[in-house]
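What follows draws every value from the coordinates through simple rules; no lab data is involved. Computed from a predicted model, the values in this text were never measured in an experiment. Neighbour counts are summed over all protein chains in view; Cβ atoms, including those assigned to glycine, are modelled from backbone coordinates with ideal geometry.
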Amino acid sequence: MRALAIVHQADAGPGVFADEMRARGVELEEWLLSERGTAPPREIADYDAVLTFGGAMHADQEDRHPWLRFEKDFLAAMLEDGMPLLAVCLGSQVLADAAGGTVRRASEPEIGWHDVEITEQGAADPVIGPLAPRFDGFQWHSYEALPPEDAVILATSPVCSQAYRIGERAWGIQFHAEVAAAAASRWIEDYRSDEDAVRIGIDPARLREETERKIGDWNRLGRDLCGRFLDAIS
């Protein structure tokens, strides 16, 4: 199996998902879309799955990041072709937009560790189901995805939808199941670059301590989630 990872910034890549894929013999290629332009490393027919990840930009900022329009069109085409998809944070927002949903600023940012509840339909989902009934997840977002009406909502928080499925082969998750310890540490160190993190008064020392305490179990959860995605599309 060969998979394509769409990456929007260098410190927000596939993380522990890459570890799980390589352990399973999956060939994973990264495409830094924001810097390398609109041509993936190979013809899209050469891939068996596409994953798209997070970034500090927002899905409605096409004026600042014109490649976002391309990515939405690209993902819409992948949905039409039945390509297996797994989208994380910004990626899940772009996917929702591409599928006919919308993206908007959330009622409040979710930065740090937040409770996520699995829905009844989510409990039956092959990728999300084993996380039922709830879990404490690492998040870093100020926007939310409103997937199209025919999507299945798999998980929620008090702020927004946290996971959804479109059809039988495309998943979006808002929480950062992929984030490795080193990347989470960099995000916390650089929190002042996020005006929303500053505005809501993030305590970096407290968040770092909590993250160091929880990241090992969280990374195991992330690898398992990625593994279930691979199993579901095989």
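Annotation: Cα Rg of the range 99-234 relative to the compact-globule expectation 2.2 N^0.38 Å equals 1.06.
Please work out how much length the chain gains when fully extended from ARG104 to GLU209, using 0.36 nm per residue of separation minus the C-alpha to C-alpha distance, in nm with one decimal. Don't jump to the answer; show the numbers that get you there.
On the way: separation 105, 0.36 × 105 = 37.80 nm, distance 3.08 nm.
Gain on stretching ARG104 to GLU209: 34.7 nm.
Between the listed residues PRO147, ILE233, MET21, the Cα displaced farthest toward the positive end of the dipole of the range 2-233, a dipole computed from Cβ unit charges relative to the Cα centre, is found at MET21. Net length available on complete extension from ASP81 to ARG192 is 35.9 nm, with 0.36 nm assigned per residue and the Cα-Cα distance removed. Evaluated with a Cβ-only charge set (Lys, Arg +1; Asp, Glu -1), the chain carries a dipole of roughly 300 debye about its Cα centre, given to the nearest 20.
Divide by every residue of the chain the summed helix terms, -39500 (n - 2.57) for each DSSP H run of at least 4, and state the resulting mean residue ellipticity at 222 nm, rounded to the nearest 500 deg cm²/dmol. Spell out each step's value before the answer.
Numbers: 8 runs with 85 residues, N = 234.
The helix contribution divided over the chain gives -11000 deg cm²/dmol.
Starting from the alpha-carbon convex hull of the chain, give the projected area averaged over all orientations, in nm². Write out the running numbers ahead of the final one.
Details: hull surface 45.7 nm².
Computing the convex hull of the Cα atoms and averaging its projections yields 11.4 nm².
Peptide packing for 89-101, 181-193 was compared via the average number of neighbouring C-beta atoms within 10 Å per residue; ordered from the highest value, the list is 89-101, 181-193. When each full DSSP H helix of the chain is screened for a Cα extent of at least 30 Å along its own axis and an average Kyte-Doolittle hydropathy of at least 0.0, none passes.
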